[in-house]
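Before any comments, here is the structure.
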Amino acid sequence: MPCSSVVGLQWGDEAKGKIVDLLTVEHDFIVRYNGGANAGHTVVRDGKTFKLSLLPTGVLSPDKTSVIGNGVVVYPPKFTEEVSNLKAAGVSVGENLVLSNHAHVIFPYHMEEERLHEGAANGRAIGTTGRGIGPCYQDKVGRLYSIRVEELLHPQHLQDRLVTIVERKNRLLKALSSEARQFDAQALCEEYLGYAETLRPYVRDTNALLLDAIKAGKRILFEAAQGSLLDVDHGSYPFVTSSNSSTAGIWSGCGVPTRQLNRVIGVIKAYTTRVGAGPFPTELLDGPEGIGEKIRRTGREYGTVTGRPRRCGWFDAVAVRYSAAFNGADELALMLLDVLSELDEIKICTAYELDGERITRFPGDAFQLARCRPIYESLPGWKQDISGIRWLSELPGAARRYVDRLAELLELPVSIVSVGPDRSQTIFARLTR
Ligand code: GDP
Ligand code: IMO
Ligand code: MG
């Protein structure tokens, strides 16, 4: 039974949402296994735009089962809000959405903790999304103070736990800042018991559900949140998120054994973006009239979750070769190619210079990466609108050369080329290297 994974190979926002939506038709289950409402996945169907943050993109297809796995961190008000927004937009959400009983729950003290840490970071802030993701994962790994979805469903148990946890959290927060917000265990308990009733119909042992699905020959699509260069183990640490956003997160984040995965689609933008802090060797810092700003405007590069302008730069083949390798990518979906259509010249970073030496290996440490200078090769632009093109053979020669060169540098076939946000603006290229 074919299980596939859609994974971002850069710093997030590679347009994973569009690819998951396109591939949903070939699968029965769509599974989010990491992150939480820090993600923002966009789908444009027939001119209608949907933005999914905590829910899997699969919810837009009610005939499929969408799963929020145990590796996801869940903020219940966001869950409720997204479900209501979808219903208001005419998308039916019910038994097609399931939430793991073992997913961990985000509380407002997580957000306060994050705000205080980021505010006190003295120029070392990560530039997080402020959704409480990091502190919730910290509590999960720390074990003593985390609450899982299942625990919300048992009122007395929840109350007992919150009394202990909130007392401890209040002391920690006060130690971080005398201005820290303080929380009331009873009020939080009542609030979360309310959410629990909304969540209850969705809660399942999703690991068992997925294992049964595999036995029954069902097809599963894993939807990564964030990009692999934000992976807590393999990304540009410490400027990363707090989960395994690469394929490495699948096994722990939804309980499906590794050997079930037989197709890994690495999603890449035709250039690079990054939101938040951290090194970015190919970033274009060429001012308001420069190419960086042009890409930002044409690609509408503003964060889906926070609205922050995304930092923009040239495609970095050193970084993507690295991420494609540790994800085990089989093929590439090349997105937003149309955004480069107005440029005279397009650059690709093929190596870095570090301490006077040419290197092609991606340094996984932020302090080393920050010292790397990009070495570029340059290709001519195509200077022509390609957003209406549906066949690879119809792409202008220079655009085709750019696609082929990326495939060559990354040593992977490009199987999808996207030339606009709408589902229809897609070229299915059975390309080989
Ligand atoms: P994700 O987080 O990886 O799902 O990506 P985001 O949704 O945060 O960002 C991708 C953005 O690019 C969204 O606004 C999409 O609608 C848009 N998009 C997707 N594919 C294309 C494309 O081929 N061309 C253009 N111009 N926009 C695209
Ligand atoms: P999608 O799924 C881009 C970034 C934040 C910050 C860092 C840590 O839409 O690709 P966090 O709130 O996770 O602790 O922030 O990670 N970040 C993303 N950047 N796309 C995302 O998700 C991101 N999710 C987190 O900007 O730099
Ligand atoms: Mg996004």
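We did not get these values from a lab; they are worked out from the coordinates using the rules stated. Bear in mind that the values here come from a model prediction, so they are computed numbers and not experimental data. All Cβ positions, even for glycine, are placed from backbone atoms using ideal geometry, and neighbour counts span all protein chains on display.
Please rank Trp382, Trp251, fewest neighbouring Cβ atoms within 10 Å first, as an exposure proxy.
Working: Trp382 22, Trp251 17.
Fewest-to-most Cβ neighbours within 10 Å comes out as Trp251, Trp382.
Take every DSSP beta bridge with both residues inside region 268-428 and express the antiparallel ones as a percent of the total, to the nearest 5.
Numbers: 19 of 26 bridges.
Among the beta bridges of region 268-428, antiparallel pairing accounts for roughly 75 percent.
Pick out which of Val74, Val44, Val240 has the largest mean-square fluctuation in a Gaussian network model of the chain, springs linking Cα atoms closer than 10 Å.
Comparing Val74, Val44, Val240 in the GNM, the peak value goes to Val44.
When the dipole is taken about the Cα centre of region 50-186, and only Lys, Arg (+1) and Asp, Glu (-1) are charged at their Cβ, what size is it in debye, to the nearest 20?
280
Going by how many other Cβ atoms sit within 10 Å of their own, how do Thr49, Thr247 line up, fewest first?
Details: Thr49 11, Thr247 23.
Neighbour counts put them in this order, fewest first: Thr49, Thr247.
Averaging sequence separations of C-alpha pairs under 8 Å and six or more residues apart, then dividing by the length of region 306-433, give the relative contact order as a whole percent. List each step's numbers first, then the result.
Details: 212 pairs, mean separation 38.0, N = 128.
Answer for region 306-433 is 30 percent.
Stokes-Einstein at 20 °C, 1.002 mPa s, Kirkwood radius from Cα pairs: D for the chain in µm² s⁻¹? Intermediate values should be presented prior to the final figure.
Working: Rh = 22.3 Å.
Approximately 96 µm²/s, per Stokes-Einstein.
Considering the convex hull of the alpha carbon atoms of region 286-433, report its projected area averaged over all viewing directions, in nm², one decimal.
Working: hull surface 39.4 nm².
Its average projected convex-hull area is 9.9 nm².
Taking all pairs of different Cα atoms in region 104-199, averaging 1/r and flipping that mean, what Kirkwood radius in angstroms comes out?
On the way: mean 1/r = 0.0722 Å⁻¹.
With all distinct Cα pairs of region 104-199 included, I get 13.9 Å.
Taking only the alpha-carbon atoms of region 154-201, what semi-axes of the equivalent ellipsoid follow from 5 times the gyration tensor eigenvalues under a square root, in whole Å, largest first? Please list the in-between numbers first.
Numbers: eigenvalues 121, 25, 10 Å².
Equivalent ellipsoid of region 154-201: 25, 11, 7 Å, largest first.
For region 242-345, count the residues as N, evaluate 2.2 N^0.38 Å, and divide the Cα radius of gyration by that value, please. Intermediate results must be reported in sequence, preceding the final value.
On the way: Rg = 15.9 Å, N = 104, 2.2 N^0.38 = 12.8 Å.
Against the empirical 2.2 N^0.38 Å value, I get 1.24 for region 242-345.
Compute the distance in nm between two label points, each set 7 Å from the Cα along the Cα-to-Cβ direction, one at Arg390 and one at Ser178.
Between Arg390 and Ser178, the simple spin-label model gives 6.8 nm.
What number, rounded to the nearest 500 deg cm²/dmol, is the helix-based mean residue ellipticity at 222 nm of the chain, given -39500 (n - 2.57) per DSSP H run of at least four residues and division by all its residues?
Working: 13 runs with 139 residues, N = 433.
Roughly -9500 deg cm²/dmol at 222 nm, from the helical runs in the chain.
Output the relative contact order of region 104-199, whole-number percent, from Cα pairs under 8 angstrom with separation of 6+ residues.
Details: 90 pairs, mean separation 27.2, N = 96.
Once normalised by length, the contact order is 28 percent.
Among Val98, Val93, Val149, which comes first, second and so on when ranked by fewest other beta-carbon atoms within 10 Å? Provide the component values of the computation, followed by the final result.
On the way: Val98 22, Val93 18, Val149 25.
Ascending number of Cβ neighbours within 10 Å: Val93, Val98, Val149.
Find the relative contact order for the chain and round it to a whole percent, using C-alpha pairs within less than 8 Å whose residues are 6+ positions apart.
Reported relative contact order: 20 percent.
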